[in-house]
Every structure is written in C-alpha cells, then in structure tokens.
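Everything below concerns the one structure shown next.
What follows is calculated from the coordinates using simple rules that are stated; it is not laboratory data. Quick caveat, the model's predicted, so the values are computed rather than measured. Neighbour counts run over all protein chains shown; Cβ positions are idealised from the backbone, glycine included.
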C-alpha cells in the first residue's frame with residue numbers, strides 16, 4: 001500500500017479528534033479526542049519511518065506516547081480537583097478568566 | 001598628644017541612633033539617661049583632651065586623627081580627619097558642656113511632651129554634627145557638619161510640627177541656611193582651585209606661613225597669594241556668606257527670630273549658645289585667609305557692626321520675650337564679628353564662650369517663666385513675677401547683668417576685649433571707619449543694657465497684667481480670681497540646677513580673659529593667629545576705653561529703670577514712626593517677601609497651572625485614557641471559554657499550513 005493511504009487514515013483520525021475537542025464540552029471526552037489526535041500523528045510518524053527506512057519516527061512515537069501519558073495524568077488530576085471544588089465539569093461553565 | 005575627638009563624636013552619634021531607633025519603646029527615665037549620659041561622657045572626654053593639651057608646649061597642641069581616607073578623586077584626596085587644637089578644644093568644651101546642661105534642663109522642660117524620645121534623639125544629632133563641624137580637619141568635612149547642624153536646627157525648630165508657624169519657621173531657617181551652605185561650597189571650590197588642598201593643616205599652617213609682623217595683617221607666603229589677592233578676597237567673602245547665614249548677620253538674619261518657634265531648650269542650645277556661633281568659629285578658623293584680605297575684614301566689620309546696632313534697636317521694642325533674646329543674640333554675634341574684623345580673632349571666640357553661658361542662662365530663665373505661665377510669651381501680659389519666681393528672677397538678673405556687660409561679670413570682660421581690639425585697630429590704622437565701629441559698639445552696649453532690663457523689669461516688676469494662670473496640667477481658667485498667680489510655681493530641680501551652674505559661669509566666666517591676664521587669647525593664639533590682642537593695659541587710652549566700658553551698660557540699665565520700673569509700664573502701641581519702623585523690624589521681612597518669596601511662588605503657581613496641570617496632568621491622563629480604551633476593546637477577545645481558544649489555535653495552525661502549501 002502506498003504511504004498516501006496511511007496518511008489519509010491519519011488525517012481522518014486527526015480531524016475527528018480536532019472536531020471532538022471543539023464540539024464536546026465534557027473534558028473527559030475532550031481528552032480522549034486529544035489522544036486521538038496524538039495517535040493520528042503517531043500513525044503518520046510510523047508510516048514515514050517504514051517507508052523511509054528510518055528509525056527516527058519510532059523514537060518520536062515513543063516520545064509522544066510518554067508525553068501523552070504524563071499529560072493525561074496531570075489533566076485528570078486537574079479535572080478531579082475542579083470537580084471536587086465546583087461539582088460540575090462542563091468546560092463552558094469554567095469561564096472565570098473571562099476578560 | 002591625647003586626641004579623644006573620635007570618641008567625642010561617636011558618643012552623641014550612638015545616642016542619636018539608639019534613641020532614634022528604640023526611643024519610642026523606652027521609658028522616659030532611660031531616654032533621659034541615654035540622651036544626657038552620652039553628652040556628659042563626651043564632655044568628660046573633651047575636658048580630658050583639654051587638660052592633656054594644657055600639659056604640652058603651645059606649639060605641640062596640634063594633633064590629627066585620620067582613621068581612613070574619605071574621598072579620592074584625581075588630585076583631590078580627603079582623609080576622614082579629626083583635628084584637635086586649641087580652637088576646636090574650646091569649641092568642643094562649649095558644645096558638649098553647655099549642651100549637657102541644656103539636655104538636663106530639657107528633662108524638665110519637655111517632661112509632658114509626647115515626642116520626648118524624638119527631642120532627645122534630635123538634640124544628640126545636633127551635638128554630633130556640631131562636634132563634627134568644629135573638629136573637622138578640612139573644609140569638606142566642615143561642610144558636612146555645617147549642613148548637619150542646619151538639618152538638626154530644621155528638625156528642632158519644626159519639632160512641634162502640627163503648628164503651621166513652626167513648620168514655616170523651620171522651612172525659612174533651612175532655606176536661608178542653604179544660601180550659606182552654597183557660599184561655603186563655592187568657597188571650597190575656589191580654595192581647592194587656588195591651593196590644591198582642603199586640609200587646614202597644610203592650608204593654614206603649611207604652605208601659607210604666618211609670619212607675625214609687629215602689627216597689621218599677617219604676611220602669607222604662598223605663590224597663589226602673591227599673584228592675586230582678589231582670589232583670597234573672593235574666598236574670604238564667600239566664607240563670610242556662609243558665616244553670615246549661619247550666624248544670622250545682615251542681610252541673612254531673617255530666620256533667627258522666627259526660629260524661636262522651636263522649644264525653648266532648642267533656642268538656648270542651637271539659636272544662642274552653639275550653632276549660630278559656627279560663623280564666628282569659621283572666621284576664626286580661616287583667620288589666615290581673612291587676615292590676608294583687608295577688604296574682606298572690612299566687610300566683616302561693617303556687617304558685624306551694622307547687625308549689632310540693627311538687632312539691638314529692634315530688641316528695644318519687641319514684646320515677645322524670646323524674640324527680644326533672639327535679636328539680642330544677633331546683636332552679640334555682630335559684636336563677635338566686629339572683634340574678628342579688627343584682627344582680634346581670639347576676642348571673638350572669648351565673647352562666644354561667655355555669650356554661651358549668659359545667653360543660654362537667659363533663654364533657660366525665659367523658658368522657666370514661660371513654663372510657669374503655661375506658655376505665655378508676651379511681656380505685656382506679665383509683670384510682678386518676682387515674688388512668685390524669686391530664684392528665676394535673680395538668675396535672670398545675673399544673665400542680664402552679664403549681657404549688659406556690667407563689671408565684673410563675664411560679659412564685661414569679653415565685650416571690653418572686643419571694644420579694646422577695635423579701638424586698638426582704629427589707633428594703629430588711623431581709619432575713621434574703625435572709630436565709627438567703636439562708636440557703634442558703645443551705642444550697642446547702651447542699647448543692650450536698656451533692652452534686657454526693659455525685659456526684666458517688664459516681666460518681674462510692677463503688677464501682673466495677664467490672665468489668671470491655670471493649674472499645671474488642668475485646662476480652663478484658674479478657679480481663684482483673687483490671686484491670678486496662685487498656680488505659678490518655680491521650675492523643678494532638673495531645670496533649676498543647670499540654670500544655677502550657668503549663672504555661676506556667667507559671673508566668673510570672664511576671668512580667663514581679662515586685659516591683664518588674657519589666658520584664653522594666649523591659649524588660642526596657635527590656632528587663630530590673633531594679631532590684635534587689644535590695647536595693652538596701662539596706657540591712657542586703655543584707661544579711658546575701660547572707663548567707657550564700665551559706664552555703657554549701667555547707662556542703658558538706668559534708662560530702662562526710668563522708663564519701665566514702675567507699677568504699670570507703658571507697652572501701649574506708639575505712633576512714633578521710629579518705633580513703628582522698629583516694631584516692623586525695618587520691614588525686612590516684608591521686603592524679602594515682595595522681592596523673593598512672591599515672585600518665586602507666583603512663578604511656581606504659573607508652572608503648576610500651565611505645565612503641571614495642563615501639559616503633564618492632562619497629557620498623562622489622556623495617554624492613560626487612550627490605552628484604556630484600546631484595552632477595553634481588546635479584552636472582548638478573552639472570552640474565558642476554553643473551546644474558543646482551541647478553535648483559535650486550530651484556525652491559526654490551519655492558516656500556517658495553508659501558507660506553507662501556497663509558498664512551498
């Protein structure tokens with residue numbers, strides 16, 4: 001299969017994730033969408049690594065996975081602490097920083 | 001030789017710092033102990049220095065301590081140097097000795113004041129700066145002390161800072177003193193440019209060698225002096241500007257009468273005994289420079305004589321007892337300058353010491369009267385206090401007799417010394433001007449006896465003319481109308497003892513400077529290079545001068561007795577134009593107000609309305625409004641919705657992507 005196929009799948013996944021971040025108001029779902037975007041990028045990294053016979057893409061994938069795991073930990077902690085203080089987690093309600 | 005000067009300086013400084021930082025928390029007992037203790041210790045050290053100095057030969061009575069170098073800039077190198085010589089020793093004795101007595105007096109006088117700790121802290125600061133002024137071994141450190149005493153004076157005149165008049169007086173004193181500081185600064189520049197040094201030791205004893213001639217100004221051997229004596233005259237005149245401002249001489253005298261707004265111990269210490277004499281000290285210290293310029297000495301003599309007469313005439317009509325003493329101080333300072341102008345630098349310093357005793361005593365006694373009458377200072381509302389305040393009365397009389405130069409009190413000898421020096425100068429010089437100056441001295445002496453005994457008779461004799469005096473600490477009128485003075489009491493021990501000591505000094509303080517045994521003149525000779533020791537005793541001229549000196553004071557007292565020693569002396573306003581002129585102090589304040597103050601304040605008002613309010617005020621607020629309006633629009637972008645920001649990020653990322661696709 002040509003590399004284009006992988007890239008099309010990757011682009012589709014990325015778009016789904018981006019739309020998810022923009023339209024959903026539940027932070028948990030938004031997080032999942034962000035994961036989707038990250039993994040879409042991972043997919044394109046792997047595809048290029050395979051077709052270019054380079055190991056660099058692999059390394060980026062591991063890096064992205066690690067960062068994603070750390071980000072989820074921090075993000076979930078923030079969400080839990082927001083829920084404990086405000087008893088709701090609708091992101092549109094969290095607009096205290098309005099100018 | 002023993003030189004304890006650094007410790008004499010350090011003690012009051014430590015007292016100032018300790019009281020300034022911790023005074024608020026300390027009990028009054030501790031404040032009094034620290035405040036007076038440090039000055040007493042400094043006085044003990046000054047006495048030790050003085051005794052050690054007497055033990056060595058006159059030529060060896062100089063020593064300099066230079067702990068470190070203070071300023072290095074190009075060829076200018078100024079050590080932090082403290083000088084111990086006969087002149088500074090005498091000055092330190094007066095500053096710390098009289099200063100200590102006034103500290104003790106203040107314990108009683110300021111007992112009820114909430115700013116007790118602040119007062120003693122400022123007094124210690126004053127003693128420190130004054131000691132620095134007289135102990136400096138170069139002109140730059142002199143300037144530091146010079147400015148420091150101005151600051152201490154400012155703080156103490158404005159001590160009761162809730163009174164607008166006190167604040168105005170403090171500001172006036174500071175502004176006039178800064179004129180003098182400026183003169184001193186210019187003199188320092190010129191001295192450095194001419195001689196290349198600011199050290200007294202190399203300046204006044206080294207390169208400039210004083211060769212005492214038989215009479216006349218000493219010959220100075222310095223290359224700069226032979227080339228242009230105009231420079232020396234300029235230096236001397238600039239120094240005298242500083243001296244005149246500090247010592248309240250014409251035309252820079254206007255601050256001293258107003259300075260009486262300060263507490264009475266301050267008037268006694270700063271505005272009678274010590275600070276105002278700094279000008280006399282400066283002229284004596286720079287005697288080598290002044291002696292080299294007959295023009296400058298003539299100016300000193302004219303200004304001193306004019307001030308002596310001018311202030312004495314004003315003192316004759318003043319009603320506020322402290323103001324009478326203030327004008328008297330100006331007049332006596334003029335006397336000191338007269339003596340110095342005639343070449344008798346030690347006679348000026350001698351009068352400085354005796355004046356410190358009797359004028360401090362007079363101020364303290366006036367303070368005791370004011371204290372007893374619960375703050376009254378107008379002699380029209382006094383009278384008949386002799387029965388209630390017998391000890392204060394007799395101390396006042398002693399001070400008055402000394403001031404009026406009645407034989408054999410201290411003031412007689414010092415005033416006679418000055419007159420004798422002026423007469424000697426007139427005899428050797430042959431100039432009419434010196435004879436005129438001598439005449440001015442005699443007239444002033446008569447006026448002095450008159451105004452001080454007008455004050456004493458008005459306050460203590462006759463019948464009481466004021467309101468009933470309220471009980472101490474109580475407010476409202478006294479309850480007993482039959483005896484309005486029922487609550488009047490003599491002051492307590494802490495105030496009486498310093499007055500008695502000064503009273504004794506006022507009586508005997510002149511015996512170290514009689515014409516037959518001029519101990520102080522001989523002692524000061526190495527420092528002041530006095531070329532004129534007065535008329536030698538024994539000649540016919542001496543006898544007639546002495547006789548004139550004997551009668552002038554009593555003549556003035558007799559006139560005062562004839563006019564004011566009655567039951568109801570007339571203090572009513574007079575229509576006599578001369579009296580009106582004197583009551584308005586020759587309209588000098590009004591003149592300065594019209595010539596200097598009003599133009600400056602109107603220019604200031606113009607700038608304030610035009611520049612400050614118009615340009616800077618509206619300009620800066622307009623700039624603020626522009627920025628504020630812009631940010632009011634921009635803050636709409638900050639919606640607070642996380643998804644809006646996410647959308648903005650995506651749109652931005654998409655635009656960047658499009659850009660790279662279009663421009664590969």
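What list do you get for B:192, B:122 if you sort them by fewest beta carbons within 10 Å?
With the fewest neighbours first, B:192, B:122 line up as B:192, B:122.
Normalised by the number of residues in the stretch B:27-114, what is the relative contact order in percent for Cα pairs under 8 Å and 6+ residues apart? List each step's numbers first, then the result.
Numbers: 68 pairs, mean separation 31.1, N = 88.
With pairs under 8 Å counted, the relative contact order is 35 percent.
Is it possible to state the helix-based mean residue ellipticity at 222 nm for chain A, with each DSSP H run of 4+ residues giving -39500 (n - 2.57), the sum divided by total residues, to the nearest 500 deg cm²/dmol? What is it? Present the calculation step by step, with values, prior to reporting the outcome.
Working: 3 runs with 78 residues, N = 99.
Mean residue ellipticity, 222 nm, calculated: -28000 deg cm²/dmol.
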Exercise for review: Would you calculate a helix-derived [θ] at 222 nm for chain B, using -39,500 (n - 2.57) for each DSSP H run of n ≥ 4 and dividing by the full residue count, to the nearest 500?
Suggested key: -21500 deg cm²/dmol
Exercise for review: Give the Debye-formula value of log10 I(q)/I(0) at each listed q (0.12, 0.23, 0.29 Å⁻¹), with one equal scatterer per alpha carbon of the stretch A:42-99, two decimals each.
Suggested key: -0.51, -0.86, -1.07
Check your understanding: Kirkwood Rh over Cα pairs of the stretch B:466-618 into Stokes-Einstein at 25 °C, 0.890 mPa s: D in µm²/s?
Key -> 103
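Considering just Cα atoms, how many Å³ per residue does the convex hull of the stretch B:424-463 enclose?
Hull volume normalised by residue count: 47 Å³.
State the Kirkwood hydrodynamic radius of the stretch B:75-154 in Å, one decimal place, computed from all pairs of distinct Cα atoms. Kindly include the intermediate steps, with their values, before the conclusion.
Values: mean 1/r = 0.0730 Å⁻¹.
About 13.7 Å for the stretch B:75-154.
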Point to revise | Acute angle (nearest 10 degrees) that the helix B:5-22 long axis makes with the longest principal axis of chain B, alpha-carbon atoms | key: 50
Review point. Distance in nm between label sites at residue B:161 and residue B:650, each 7 Å beyond Cα in the beta-carbon direction?
Key: 6.5
Point to revise | Listed peptides B:591-602, B:502-513, B:537-548 by packing density, highest first (mean Cβ within 10 Å) | key: B:502-513, B:537-548, B:591-602
Check your understanding: Can you sort B:316, B:36 so the residue with the fewest Cβ neighbours within 10 Å comes first?
Key -> B:316, B:36
Revision key, fill the gap. Quarter of the surface of the C-alpha convex hull for the stretch B:1-112, i.e. direction-averaged projected area in nm², equals 8.9
**Study point:** Globularity index of the protein assembly as shown, i.e. its alpha-carbon radius of gyration over 2.2 N^0.38 Å
**Key:** 1.46
Study note, to complete from the structure: Hits in the stretch B:37-76: amide N under 19 Å from the 7 Å Cα→Cβ extension of residue B:21, namely B:37-39
Point to revise | Size of the stretch B:252-311 as Cα extents on the principal axes (Å, biggest first) | key: 41, 24, 14
Exercise for review: Quantify how strongly other chains surround peptide A:91-97 by giving the mean number of their Cβ atoms within 10 Å of each of its Cβ atoms.
Suggested key: 4
Revision key, fill the gap. With a Förster distance of 25 angstrom and the Cβ-Cβ distance between residue B:151 and residue B:77, calculated FRET efficiency to the nearest 0.05 equals 0.40
**Study point:** Overall form of the stretch B:512-571 per C-alpha gyration tensor (a/c, 1.5; a/b vs b/c)
**Key:** prolate
**Study point:** chain A: Rg to Rh, with Rh as the Kirkwood radius over Cα pairs
**Key:** 1.10
Point to revise | Tilt relative to chain B, helix B:345-372 - C-alpha long axis, 0 to 90 degrees, to 10 | key: 80
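Using Stokes-Einstein with the Kirkwood hydrodynamic radius over Cα pairs, what translational diffusion coefficient do you get for chain B at 4 °C and a viscosity of 1.567 mPa s, in µm²/s rounded to a whole number?
Working: Rh = 26.9 Å.
For the chosen part, D equals 48 µm²/s.
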Revision key, fill the gap. Per residue convex hull volume, Cα only, the stretch B:256-399, in Å³ is 92
Exercise for review: Starting from the Cα of residue B:29, step 7 Å along the direction of its Cβ; do the same at residue B:7; then give the gap between the two resulting points in nm.
Suggested key: 2.8
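How long are the three semi-axes of the equivalent ellipsoid of the stretch B:98-137, in whole Å, if each is the root of 5 times an eigenvalue of the C-alpha gyration tensor, listed from largest down?
Numbers: eigenvalues 111, 25, 3 Å².
After scaling each eigenvalue by five and taking roots: 24, 11, 4 Å.
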Study note, to complete from the structure: Most exposed first, judged by fewest Cβ atoms within 10 angstrom, A:59, B:260, B:141, B:319 run A:59, B:319, B:141, B:260
Review point. P(r) for the stretch B:355-463: what percent of alpha-carbon pairs falls in each 10 Å bin, starting at zero?
Key: 15, 38, 25, 14, 7, 1
Review point. Modelled label-to-label distance, residue B:581 and residue B:189, 7 Å Cα→beta-carbon offset: nm?
Key: 3.9
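Inverting the mean 1/r over all pairs of different Cα atoms, compute the Kirkwood radius of the stretch B:547-604 and quote it in Å.
With all distinct Cα pairs of the stretch B:547-604 included, I get 15.0 Å.
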**Study point:** For the stretch B:281-360: rounded, prolate or oblate by the Cα gyration tensor [a/c cutoff 1.5]
**Key:** oblate
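Over chain A, what is the mean sequence separation of C-alpha contacts under 8 Å (at least six apart), divided by residue count, expressed as relative contact order in percent?
Working: 78 pairs, mean separation 26.4, N = 99.
Worked out over chain A, it gives 27 percent.
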Study note, to complete from the structure: The helix B:116-135 Cα axis meets the longest alpha-carbon principal axis of chain B at an angle in degrees, between 0 and 90 and rounded to 10, of 70
